[in-house]
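The values are calculated or read from the model by the stated rules, or taken from the named source; none is laboratory data. Keep in mind it's a predicted model, so treat the numbers as computed, not measured. Cβ placement follows ideal geometry from the backbone for every residue including glycine, while neighbour counts extend to all protein chains displayed. We work out accessible area using only protein heavy atoms, side chains counted, and drop any ligands, DNA or RNA first. Shrake-Rupley method; radii C 1.70, N 1.55, O 1.52, S 1.80 Å.
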Amino acid sequence: MAPHDLRRPFKRPAISDQERRREQSLLRQAQSRRDAQRHARFLASTAFSLPSE
Amino acid sequence: VAGIELPHKQWPELIAALLSNVHQLPAPTRQATLETLGYVCEEVSPDVVDQDHVNKILTAVVQGMNSTEENNDVRLAAIRALYNALGFAQANFSNDMERDYIMRIVCETTLSPELKIRRAAFECLVAISSTYYEKLAPYIQDIFNITAKAVRGDEEPVALQAIEFWSSICDEEIDILEEYGGDFSGDSDVPCFYFIKQALPFLVPMLLETLLKQEEDQDQDEGAWNIAMAGGTCLGLVARTVGDDIVPLVMPFIQENITKPDWRQREAATYAFGSILEGPSPDKLVPLVNMALDFMLTALMKDPNNHVKDTTAWTLGRMFEFLHGSALDSPIITPKNIQQIITVLLQSMKDVPNVAEKACGALYFLAQGYEDAGSASSPLTPFFTEIVHALLTVTHREDAGESRLRTAAYEALNEVVRCSNDETAPMVVQLVPLIMTELHQTLENQSDERQNELQGLLCGCLQVIIQKLGSSELTKYHFMQYADQIMGLFLRVFASRSATAHEEAMLAIGALAYATGSDFAKYMTEFYKYLEMGLQNFEDYQVCAITVGVVGDVCRALEEKILPYCDGIMTQLLKDLSSNQLHRSVKPPIFSCFGDIALAIGENFEKYLLYAMPMLQSAAELSAHTAGADDDMTEYTNSLRNGILEAYSGIFQGFKGSPKTQLLMPYAPHVLQFLDSLYMEKDMDDVVTKTAIGVLGDLADTLGGNAGPLIQQSVSSKDFLKECLSSDDHLVKESAEWAKLAISRAISF
C-alpha cells in the first residue's frame, strides 16, 4: 500500500515513434491481407462470369 | 493467504475475526488489523466479500480515520485501507447518507496535522474521482476549496495529490465527452457534470500560480515531478476538456509574464501557452500562434535561460503538432517563414541536450504536417539535405545519450523520411549505406545497453526507409542493391540480448519481405531459426506478436515457397495458442496468421486441419457471446472473432479449386453456426461484420453446391447478408456483394 506514483508524461508526445512504427506495420499487414483476399475473390468472380459470357 | 483462500470460500471467519480486533485492543494491533484489511481489499476481488462484511469493513475503517482516533499510525492505516476498499463500496456510495458520511470523514482527514495522513486522504479523493465521478456533485465545491488550499499552501507531496484530483476529473470528463462524440447523440453510461467548466474561473488561476514554482534544472532530471510540472500537465488536460473557454483565462497571464526579467515568469508564460495548444479550436489559436511565432523563434535563439529555451522549443513543437498540416485551413508555416523556422530549429539542435531534444521533436511535427502532401513538390524539399545532415550530426554528438537526444534525432529523421517525395527519394537512397555503416559499427562493438539501444534505433530507421522506398517501383529498384547486406546486418542483431533490438529488427525484416517479394526465399534458411525464436518468446510478448505478423508478410512474399518451413511454424503457433503464459493480445493475430499460411500453401494446409480447426472451433464458441463483458473485453472479443474469421477465410480460399475441398465439408456446419450466432448477438463492429460476411462468400465459393442446402438453412445467408448489402460501410458492402455472388452460384448447382 505504498503511495501511488502520480507522475504523468511531461513534454512527451502522446504516441512514440516506436509505437507508430508498430502501428504502421500492422496497418500494412492488414492491408496486404485484404489485398491477397480480394485478389483471390477477384479471380473467383472472374471465373464465375466467364461461363455466362 | 486471504487472496488465495477467500475466492474459494475457504476462510470465511477471517474478516469477522479481523473486525473483532478493531475496537478496544492496543493501538499497534488496531493498526496492524487495519493494514491487513487494506491488504485483503487490495488482493481480493470485490465479488468474493459479501455486503455485510463490506459494510463492517467500511465502518471499522471510517472509525479508524475519525479525528477522535488519537493514534496517527492507526489513522494512516485506516485511510490507506479505505483507499483499497473503495472498489468494494459501490452499494455504500449509492446510499446518500453513507456516502455523505464517508466523504465528510475523507475531507476532514485532508486537514490532519500529519503530512502522510493528508497525502493519503487526497489520494483517496483522487481514487474516488475516477471510481465515483457521478456521485461527486454535492461535494465538488468543498473539494475545490480543500484542494485550492493544499495546492497553494501545503507541502509538495500533498499539493501534488490535490492537483492530481483535478487532472483525474479532466480524464473522466474527456472520456465522457469523447463518448458523446461531440454532438451529444452518442451514449455514455455516465453523464458529464461539467465540473471543470464550472470550476474554470477559479481552477485556471490556481494552476497558473503553480507554473511559477519550477525547480532549477528540472529539465535535466529525468525523474523530476514537481508542482509546476503537475500544474502545467493539469492545465493541458483542462484545455482538452473545455476547449476555447480556456483561452481568455490564460492569455493575460502569458502577456504579462512572457517578457519579464525573471526566467521563471518567462518560462511559466511559455509553458502555459504550450499547454493550451491542444483542445481549443484552430480558429481561436491560429491568430495567437501567428502573433507569437516570431517571438518564440527569437526566444529559442536568444533567451539566456536553458529552461525557457527548452519550454519554447517544446511549445513550437506543440504548435506544429496541433496547428500545422494539410487538414488545417490557414497555415501557420508559410513560404515566408519556413526558412527562418528551419534555420532556428537546426541551430537549436546544437544547444544543450535537453533543448536540442525538443528542437528535434519540433522538427518531427513540422515534417509530419507535410506527410500527406503526396508526391508533388514539398515545402521541405529545398531543406531536405540540410535537415538530414543536421540530424545525423546530432546523433554523433558526444552527449547525445543525455535527455533522449539521440532517440529524438532518429525519430525526427524517420519522420523526414516518411514525408519524402519523388524529388527527395534519391537522398533517402543515399541514406541507406550511411545507416548501414552505423549499424555495422554497433555490431562490431562490444554488446552493451547503449549499443543495443542504438541498434534498435538504426533498425527502426531502416524499417522506415525500406517501407518508404519499397512503396514505388523505381525507388525500390534503387534500394534493392542493398537488400542482401541489410538482411545480413539484421540477422546479426538477433545475437544481442535486447528485446527492443529484436523487435525493431523483426519489424524491419517484415518490411523487407514485403518489398522483396518471392526473392526473400534466399534468406529463409538463415532467418528461419530467428523466426522460430521470436514465436517462442512468451516473455517479451511484443516480440512474439511482431514475429507472428512477419510470418504473414513472409507467407505473402513467398507463397508456396514457405511450405518447407510450415511444419515448424504451425507447431509453434499451435503451442502459442495453447499457452497460458502468452499474453492474450497475441492470440487473435495468430489466428489471422493461420489464414495467411493457408492462403499461401493452399491444399497443403490439409495436414494442419486436424489441429487448427478444433482450436478455431473452441475459440469461436468462446467468442460468440459477450453478454456482460466490459468495453475492453468486448473489444478483445471482436479482435478474436476477426482473427478466427480471417483464418476461415484464408483456409477456404486456399483450398479453392483443389480436389481436396471436401475435407472442409465437415467443418462447414460449425462455421455457419458461428456466423449465425455472431449475427444474433448484434454486437459485431464493422471490421468483424466485413470479415464475417466475406467468410460466408468464401465458404460458398469453395464448397459450392455441396454446401448449398446448409447455406440456405443459415440465417446469415438471408437476414445478415441483406443487412450487409445495404450497409453504409463500403467494405462491408463489397464483401456482401461477393458473398451474394458466391452463394447464388453455390445454390444454382
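Would you kindly find the accessible area of B:ASP262, with a 1.4 Å probe and non-protein molecules such as ligands, DNA and RNA excluded, rounding to the nearest 10 Å²?
It works out to around 70 Å².
What is the percent carbon and sulfur in the accessible area of the protein assembly as shown, measuring with a 1.4 Å probe over the protein chains and ignoring ligands?
Ligands and nucleic acids excluded, carbon and sulfur give 52 percent.
Rolling a 1.4 angstrom probe over the protein heavy atoms, how many square angstrom per residue are accessible across the protein assembly as shown?
Ligands and nucleic acids excluded, the result is 43 Å² per residue.
Residues with beta-carbon under 14 Å from that of B:ASN638, excluding B:ASN638: net charge, scoring Lys, Arg +1 and Asp, Glu -1?
After counting each charged neighbour, the total is -4.
What does the charge count near B:LEU277 come to, summing +1 for each Lys or Arg and -1 for each Asp or Glu among other residues with Cβ under 9 Å from its Cβ?
-1
Given a cut-off of under 8 Å on Cα pairs at least six residues apart, what relative contact order in percent is computed for segment B:335-390?
Relative contact order for segment B:335-390 comes out at 32 percent.
Mind giving me the nanometre distance, one decimal, between the label points for A:LEU26 and B:THR634, set 7 Å out from Cα along Cα→Cβ?
That separation, rounded to one decimal, is 1.9 nm.
Tell me, what is the percent relative contact order of segment B:275-331, built from C-alpha pairs under 8 Å that lie six or more residues apart?
Worked out over segment B:275-331, it gives 40 percent.
Could you sort A:ARG20, B:ARG450 by their accessible area in this structure, using a 1.4 Å probe and putting the largest first?
Listed by decreasing accessible area, they come as B:ARG450, A:ARG20.
Return the value, in Å² to the nearest 100, of accessible area buried between chains B and A (probe 1.4 Å, both sides summed).
4600 Å²
Ignoring ligands, DNA and RNA, how do B:TYR648, B:TYR482 rank by accessible area with a 1.4 Å probe, largest first?
The residues order as B:TYR482, B:TYR648, largest area first.
For chain B, calculate the relative contact order in percent as a whole number, restricting contacts to Cα pairs under 8 Å that are 6 or more residues apart.
Normalised by residue count, the contact order of chain B is 5 percent.
Any idea what diffusion coefficient segment B:470-555 gets from Stokes-Einstein, in µm²/s, Kirkwood Rh on alpha carbon pairs, 10 °C, 1.306 mPa s?
Stokes-Einstein gives a translational diffusion coefficient of 121 µm²/s.
Net charge near B:GLN368, counting Lys/Arg +1 and Asp/Glu -1 over other residues with Cβ under 12 Å of its Cβ?
Counting the neighbours of B:GLN368, the net charge comes to -4.
Which of the residue pairs B:LYS522/B:LYS690; B:LYS476/B:LYS587; B:LYS9/B:LYS56; B:LYS656/B:LYS740; B:LYS336/B:LYS476 have a Cα-Cα distance greater than 29 Å in the structure shown?
B:LYS522/B:LYS690; B:LYS476/B:LYS587; B:LYS336/B:LYS476
Ordering A:PHE42, B:PHE479, B:PHE253 by how much accessible area each has at a 1.4 Å probe, largest first, what is the list?
Most to least solvent-accessible, the answer reads A:PHE42, B:PHE253, B:PHE479.
So which residues of segment A:27-44 lose at least 10 Å² of accessible area, probe 1.4 Å, when you go from the chain by itself to every protein chain present?
Buried by 10 Å² or more upon assembly, which counts only protein chains, are A:ARG28, A:GLN29, A:SER32, A:ARG33, A:ARG34, A:ALA36, A:GLN37, A:ARG38, A:ALA40, A:ARG41, A:ALA44.
Across the Cα atoms of segment B:262-395, what radius of gyration and what greatest pairwise Cα-Cα distance (Dmax) are found, in Å?
Values for segment B:262-395 (Cα only, Rg and Dmax): 14.3, 47 Å.
Suppose we take every Cα in segment B:66-198 and form the convex hull; what volume per residue is that in Å³?
Spelled out: Cα convex hull of segment B:66-198, divided by residues, is 105 Å³.
Using the eigenvalues of the Cα gyration tensor, what equivalent ellipsoid semi-axes result for chain B when each is taken as the square root of five times the eigenvalue, whole Å, largest first?
Equivalent-ellipsoid dimensions as semi-axes: 48, 41, 26 Å.
Kirkwood Rh and Cα-based Rg: tell me the resulting Rg over Rh for segment B:573-726, rounded to two decimals.
With Rg and the Kirkwood Rh in hand, the quotient comes to 0.95.
Taking all pairs of distinct Cα atoms, average 1/r, flip it, and tell me the Kirkwood hydrodynamic radius of segment B:397-534 in Å to one decimal place.
Evaluated over segment B:397-534, this radius sits at 15.3 Å.
Where Rh is the Kirkwood radius over the Cα pairs of segment B:354-460, the temperature 37 °C and the viscosity 0.692 mPa s, what D in µm²/s does Stokes-Einstein return?
The Stokes-Einstein estimate is 229 µm²/s.
Can you pull the accessible area of B:SER716 for me, 1.4 Å probe, Å² to the nearest 10?
0 Å²
Please sort by residue number the trypsin sites (Lys or Arg not before Pro) in segment B:634-702 whose DSSP state is loop and whose Cβ has at most 12 other Cβ atoms within 10 Å.
B:LYS682
State, to one decimal in nm², a quarter of the convex hull surface area for the C-alpha atoms of segment B:155-300, i.e. the direction-averaged projected area.
So the mean shadow area of the Cα hull is 9.8 nm².
What percent of all Cα-Cα pairs in the protein assembly as shown falls in each 10 Å bin, counting up from 0?
Going from the shortest bin to the longest, the percentages are 2, 11, 17, 19, 21, 17, 9, 2, 0, 0.
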